[in-house]
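The values are calculated or read from the model by the stated rules, or taken from the named source; none is laboratory data. None of the values given here were measured: they were computed from a predicted structure. In this analysis, Cβ positions are derived from the backbone assuming ideal geometry, glycine residues included, and neighbour counts consider all displayed protein chains.
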């Protein structure tokens, strides 16, 4: 299911022009990272995907649905959205109820709800915490509950807004694993992140935004190689990309394996 | 003399069985910038709360040992006395914003109002602090209309403006973009150079390596390592115990096994990595 955005403009009631002419197609099963400085319009953009925001002008289509014609509740069957702050999204008494809320609301039959919940809990490594109140969990695990509750809705499109904020290495690895599984299942994943190393290691396509517009859009190595342009939207390339550049590598490298391969080749 | 002095500090939250901090001994000199790293649940926030007096004044539970900051013992002083010396910026800025103020300017002035700073001085201090953190243009906005990153800077500014002797920061850059992160680190470094003592829980090791004087690695409530950024951040123990480590360190560690890193230490910053790897490249690749 494609996401198609045509000349999207959005102005907040305060007068802030958050999006200024975005045109963009995200194909079914694509995995896209969105980077850019605070205030670039990243969150404003993805909130148009599930109808939380409506275009001031222009058009957003999720498959054959124009978001202006469908309610947020309806769009929830196509687009799952994991909020930046899990506390904005959790309210149930225990983890299992929380995770079951979404699929139940989408009207899946009971057995399917159970299967989806079990699967989402396993994927997020929450199977041993199903009876716990989400607010008795650490922020790291609350984040996993928020992720599980969206995964369980089994939507073709999943959006993550800053999934790695405040997470430790183990938790970041868990989130990367969730994204990998979603990729294998053919889901479309759109992820906003400031964690450029995470972005480089987990996404094939990267979009850099600045001041409500798209600055760069392409394959990860091509985008991350544009150090000067990225700097204008306050993004540093990943650590090993910068190191490779500093060492005079001709190719842009984005992770440890690529870095070591080029280093090895050039040391001969 | 150490401005922060923790001796045999153990703390257990109410209704929990294992202590969140176990036998912590920590002395910090005035003007030192100390970064505290550790996996989630290691006790970083609990240590921040203990230093800031939230433990034992707000969180109950069992605290033993001695917590002394600026010559005052926490158990023997009021929270009011304590906050004159120590400021804490919360991990989640949304939880810190008072909700009692309509503008960012007023929000930042809130603490100063509470301790009775004269109006004229208050204005000057608020303006200075906003300049330091780069949020002067937000002065008239509502604190709740801001993005996560902007809120975080407001939360930090509202503590900086109090000019505490000891500044405690719980992941103050978690919502910031990379350049914003560097700016905040550099502003905090400036405060340390002016003599403010800084204790900062943080995951971003690259910036810690650049800016901090000392790093403490916490694990399961105990101090695992305590030393200079290089000593701690390149320790093999960190990788083994699941801490986040710099990509430079980890790449050099792997390269060492391939004979492509020949220094006797591992790098933590871009500069160290570039210097250390350069000799491994064949001469024409180095542009010689």
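Taking the criterion of being touching a residue at least 40 places away in the same chain (Cβ under 8 Å), surrounded by 14 or more Cβ atoms within 10 Å (Cβ to Cβ) and outside any helix (DSSP H, G or I), the residues of the range B:79-131 that qualify are B:86, B:87, B:88, B:89, B:90, B:91, B:97, B:101, B:103. Here is a check on your reading of the model: is residue B:148 within 26 Å of residue B:123 (Cα to Cα), at the interface with chain A (Cβ under 10 Å from one of its Cβ atoms) and in contact (Cβ under 8 Å) with a residue 40 or more places away in the chain? Spelling it out, residue B:148 is indeed within 26 Å of residue B:123 (Cα to Cα), at the interface with chain A (Cβ under 10 Å from one of its Cβ atoms) and in contact (Cβ under 8 Å) with a residue 40 or more places away in the chain. Somewhere in the range B:206-213, is a residue farther than 22 Å from residue B:99 by Cα, facing chain A (nearest Cβ under 10 Å) and part of a helix (DSSP H, G or I)? The answer is yes; a qualifying residue exists. Residue B:69 falls short on exactly one of the conditions (1) free of Cβ contacts under 8 Å to residues at least 12 places away in the same chain; (2) in contact with a strand residue (DSSP E or B) (Cβ under 8 Å, 6 or more places away or on another chain); (3) crowded, with 16+ Cβ neighbours inside 10 Å, and that condition is (1). For residue A:12, the conditions (1) buried (at least 20 other Cβ atoms within 10 Å of the Cβ); (2) touching a strand residue (DSSP E or B) at 6+ places or on another chain (Cβ under 8 Å) all hold with the exception of (1).
The residue list B:260, B:266 contains one member that is more than 10 Å from chain A (Cβ to nearest Cβ), at pLDDT 90 or above and surrounded by 15 or more Cβ atoms within 10 Å (Cβ to Cβ), which is B:266.
All conditions but one from (1) part of a loop (DSSP other than H, G, I, E, B); (2) more than 13 Å from chain A (Cβ to nearest Cβ) apply to residue B:191; the one that does not is (1).
Within the option set A:49, A:83, being in contact (Cβ under 8 Å) with a residue 24 or more places away in the chain, touching a helix residue (DSSP H, G or I) at 6+ places or on another chain (Cβ under 9 Å) and away from chain B (no Cβ under 14 Å) holds for one residue only, A:49.
Tell me the residue from B:158, B:186 that is part of a helix (DSSP H, G or I), surrounded by fewer than 22 Cβ atoms within 10 Å (Cβ to Cβ) and more than 13 Å from chain A (Cβ to nearest Cβ), please.
Being part of a helix (DSSP H, G or I), surrounded by fewer than 22 Cβ atoms within 10 Å (Cβ to Cβ) and more than 13 Å from chain A (Cβ to nearest Cβ) holds for just one of B:158, B:186, which is B:186.
Of all residues in the range A:176-191, exactly one satisfies the criterion of being surrounded by 22 or more Cβ atoms within 10 Å (Cβ to Cβ) and either out of contact with any strand residue (DSSP E or B) (no Cβ under 8 Å at 6 or more places or on another chain) or within 11 Å of chain B (Cβ to nearest Cβ) (or both), namely A:178. Are any of the residues in the range A:119-128 touching a residue at least 40 places away in the same chain (Cβ under 8 Å) and on the phi < 0 side of the Ramachandran plot? Taking every residue of the range A:119-128 in turn, at least one turns out to be touching a residue at least 40 places away in the same chain (Cβ under 8 Å) and on the phi < 0 side of the Ramachandran plot. Can you work out which of the residues in the range A:72-91 that are under 15 Å from the mean Cα position of the chain (by Cα) and modelled with pLDDT under 90 is surrounded by the most Cβ atoms within 10 Å (Cβ to Cβ)? Ranking the qualifying residues of the range A:72-91, first place goes to A:86. Scanning the range A:252-268 for residues that are more than 8 Å from chain B (Cβ to nearest Cβ) and out of contact with any helix residue (DSSP H, G or I) (no Cβ under 6 Å at 6 or more places or on another chain) yields A:257, A:258, A:261, A:262, A:265.
Residue A:259 meets all of the listed conditions (1) within 21 Å of residue A:43 (Cβ to Cβ); (2) crowded, with 21+ Cβ neighbours inside 10 Å; (3) modelled with pLDDT of 95 or more but one, namely (1).
Scanning the range A:15-30 for any residue that is part of a loop (DSSP other than H, G, I, E, B), within 14 Å of chain B (Cβ to nearest Cβ), touching a helix residue (DSSP H, G or I) at 6+ places or on another chain (Cβ under 8 Å) and farther than 24 Å from residue A:182 by Cα turns up nothing. Within the range A:146-173, the residues that satisfy the criterion of being within 24 Å of residue A:114 (Cβ to Cβ) and crowded, with 22+ Cβ neighbours inside 10 Å are A:146, A:147, A:148, A:149, A:150, A:151, A:152, A:153, A:155, A:157, A:158.
Within the range A:238-251, restricting attention to residues that are assigned to a helix (DSSP H, G or I) and within 7 Å of chain B (Cβ to nearest Cβ), which residue is nearest to residue A:197 (Cα to Cα)?
The initial filter retains those residues of the range A:238-251 that are assigned to a helix (DSSP H, G or I), namely A:239-246.
Remaining after also requiring within 7 Å of chain B (Cβ to nearest Cβ): A:239-240, A:242-243, A:246.
Numbers: A:239: 7, A:240: 9, A:242: 11, A:243: 13, A:246: 17 Å.
Checked the range A:238-251; the qualifying residue nearest to residue A:197 (Cα to Cα) is A:239.
When you check residue B:135 against the structure, is it surrounded by fewer than 23 Cβ atoms within 10 Å (Cβ to Cβ) and over 17 Å from the mean Cα position of the chain (by Cα), yes or no? Yes; evaluated as a whole, the condition is true for this residue. Taking the criterion of being touching a strand residue (DSSP E or B) at 6+ places or on another chain (Cβ under 9 Å) and within 9 Å of chain A (Cβ to nearest Cβ), the residues of the range B:164-177 that qualify are B:171, B:177.
Taking the range B:14-29 only, how many residues are at pLDDT 95 or above and either within 14 Å of chain A (Cβ to nearest Cβ) or farther than 19 Å from residue B:241 by Cβ (or both)? Residues flagged as at pLDDT 95 or above and either within 14 Å of chain A (Cβ to nearest Cβ) or farther than 19 Å from residue B:241 by Cβ (or both) within the range B:14-29 amount to 6.
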